[in-house]
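Participant: Right, I'll just put the structure down here and ask away after.
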Amino acid sequence: MTIFLYSIAAAAVLIYVPFLVVTYARAQVGYDISAPRAMFDKLPPYAQRATWAHQNSFEAFMIFTAAALMAYVTGVNSPLAIGAVIAFLLARLLYSIFYILNIPVLRSLMFAVGSLGSATLIVLSIIQTNT
């Protein structure tokens, strides 16, 4: 199932979606190439939240990548697995949007949906190895 490999590539791209917002905000406040991290406090709140969404995306990516590779290696092939992949990718996109827009309830819900997608792939992989 190549969908697992493509989904890893898509998840890698999603890491940088919130960083586009950070880049825009940095340009607005005057990017300091000599101290790019020092300007964090100068960023508007939405850009600070975008930075946090970007950082969280790396964390979620590591778990999802392991889960997707487990599913790929064990030969998981089910509609549930495909649904888990799609749910993860959509949830992570919405997670970043809701984080930047400062909608914590929906952001938390999307975090949970994305985590459930990764967990589903892990469980399906374990089941697959035991059959």
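The values are calculated or read from the model by the stated rules, or taken from the named source; none is laboratory data. Bear in mind that the values here come from a model prediction, so they are computed numbers and not experimental data. Here the Cβ positions follow ideal geometry from the backbone for every residue, glycine too, while neighbour counts run over all protein chains shown. Accessible surface areas use protein heavy atoms only, side chains included; no ligands, DNA or RNA. Shrake-Rupley method; radii C 1.70, N 1.55, O 1.52, S 1.80 Å.
Participant: With everything on Cα atoms, drop me the angle between helix 104-129 and the longest principal axis of the chain, reported from 0 to 90° to the nearest 10.
Facilitator: So the inclination is approximately 30 degrees.
Participant: Roughly to the nearest percent, how much of the accessible area of the chain is carbon and sulfur, given a 1.4 Å probe?
Facilitator: 71 percent
Participant: If you don't mind, another one. Identify, among A68, V17, Y46, the residue whose Cα sits farthest towards the positive end of the charge dipole of the chain, taking +1 on the Cβ of Lys and Arg and -1 on the Cβ of Asp and Glu, with the dipole about the Cα centre.
Facilitator: Working it through, the farthest residue towards the positive pole turns out to be Y46.
Participant: May I ask you to derive the relative contact order of segment 23-131, considering only C-alpha pairs under 8 Å and at least 6 residues apart, and to give it as an integer percent?
Facilitator: Relative contact order here is 32 percent.
Participant: Averaged per residue, what accessible surface does the chain expose to a 1.4 Å probe, in Å²?
Facilitator: Solvent-accessible surface per residue comes out at 56 Å².
Participant: Here's something else I'd like to know. Quick one: Debye curve from the C-alpha atoms of the chain, no solvent, what's log10 I(q)/I(0) at q = 0.09, 0.18 Å⁻¹?
Facilitator: For the chain at q = 0.09, 0.18 Å⁻¹, log10 I(q)/I(0) is -0.31, -0.88.
Participant: Same structure again: Taking segment 1-46, which chymotrypsin sites (Phe, Trp or Tyr not before Pro) meet the DSSP loop condition and have no more than 13 other C-beta atoms within 10 Å?
Facilitator: Here the sparse-neighbourhood loop sites are Y16, Y31.
Participant: What is the Cα coordinate range of segment 1-40 on the first, second and third principal axes, sorted by size from largest, in whole angstrom?
Facilitator: 45, 16, 12
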